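For reference, the structure is listed below as structure tokens.
None of the figures in this text is laboratory data; all of them are computed from the coordinates on show. From a predicted model like this one, the values you see are computed outputs, not experimental measurements. Cβ atoms come from the backbone with ideal geometry, glycine included; neighbour counts cover every protein chain shown.
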Amino acid sequence: MTQNDTRIHIGICDDEKQCRKQIKDILMEIVDEKRVVIWEFSSGRELLDACRGNVYLSIVYLDIYLDDENGVDIAGQLKKISEYTKVVFVTGTEDYAIKAFEIRALHYLIKPVTKEHMLETLRRWKLVREEVKRIYLKIDREYVSLPLNDIAYLKSDNHKIQIILKGGKCVSTYMTLKDLEEHLTEDFLKIKRGLIVNMDFIDVISSTFCILKNGMDLEISRMNRSEVKKQYEAYVMRVLKKRQTEWGEV
């Protein structure tokens, strides 16, 4: 599984067909059509339903005014479903520019969209993407680029691995947990056989249980309890030192 196995999945969400076509046509001019998959949605509901299913979007161009829907609200819901999808707002007014900045939109474009606009959004996406450590998995016949910091925990299920994301969504891939472990960072902790947790998602860890930020309790293997506690304490120290470096000592 390499980066060359993946394609960029881009969503276009606008209730006007002509606007969707304009964005799609420009994209087809500036990207290799073999490296991109474009999804079109005429409403925010369609977009969210797709992302709750098996659609994994890297970027979505989202109109703010969608009939009786508000694109900013849709973006907020999308973030809970798919944290790694970057939103580019496309609209005819600057009224929501500050709000877009607050929710960390990738870009804010005023219609009509130009080729230069699209090139800039792709440039920004590439910069953001390079900063995030990712894993490449085959999910439902598609190779998906999944940011490691979006994973809450992983567990083996016969010959499959179930990957539970921070937003609660579960995806699965056919491989062994041992093979998958090789692609994880030191922030992932095996608390028992067949169960690995992202320590960033841990709320409390006791001698017997690991309590996640979503309230779920995961039992720690009796044989591994002392080692699990030791590794988690080392993780906490790494995080504290990193914060001191970034912010300075309080």
Positive minus negative residues near Tyr96 (Lys, Arg vs Asp, Glu; Cβ under 14 Å): -3
May I ask you to sort Arg45, Arg35 by Cβ crowding, counting other Cβ atoms within 10 Å and putting the fewest first? Arg35, Arg45
Between rounded, prolate and oblate, where does the stretch 3-131 land on the alpha carbon gyration tensor, with a ≥ b ≥ c its root eigenvalues, rounded for a/c under 1.5, else prolate if a/b exceeds b/c? rounded
Radius of gyration and Dmax for the stretch 150-246's Cα atoms, expressed in Å? 13.4, 43
Taking the DSSP beta bridges in the chain as the whole, what percent of them are antiparallel, to the nearest 5? 60
Contour minus Cα-Cα distance for Glu182 and Arg35 (0.36 nm per residue): 50.3 nm
Treating the beta-carbon of each Lys and Arg as +1 and of each Asp and Glu as -1, no other charges, what is the dipole magnitude of the chain about its Cα centre, to the nearest 20 debye? 1060
Contour excess over end-to-end distance, with Cα ends at Ile98 and Asp217 and 0.36 nm allotted per residue: 38.9 nm
Considering the chain as a Gaussian network with a 10 Å cut-off on Cα pairs, which listed residue, Gly92, Gly11, Gly44, attains the greatest mean-square fluctuation? Gly92
Which residue fluctuates the most in the chain, going by a Gaussian network model with Cα springs under 10 Å, if the choices are Asp73, Asp14, Asp187? Asp73
Could you compute the net charge surrounding Val171? Neighbours are other residues with a C-beta less than 15 Å from the C-beta of Val171; K and R count +1, D and E count -1. +3
Checked against the structure, the computed volume of the Cα convex hull per residue in Å³ among (i) 128; (ii) 180; (iii) 147 is the one labelled (iii)
Going by how many other beta carbons lie within 10 Å of each one, how would you line up Val88, Val239, Val144, Val113, fewest first? Val239, Val113, Val144, Val88
Checking the table Lys166/Lys230; Lys79/Lys230; Lys34/Lys126; Lys80/Lys126; Lys138/Lys192 against a 28 Å threshold on Cα-Cα, which pairs fail? Lys79/Lys230
Determine the shape class of the stretch 56-125: with a ≥ b ≥ c the square roots of the Cα gyration tensor eigenvalues, call it rounded for a/c under 1.5, and otherwise prolate if a/b is greater than b/c, oblate otherwise. oblate
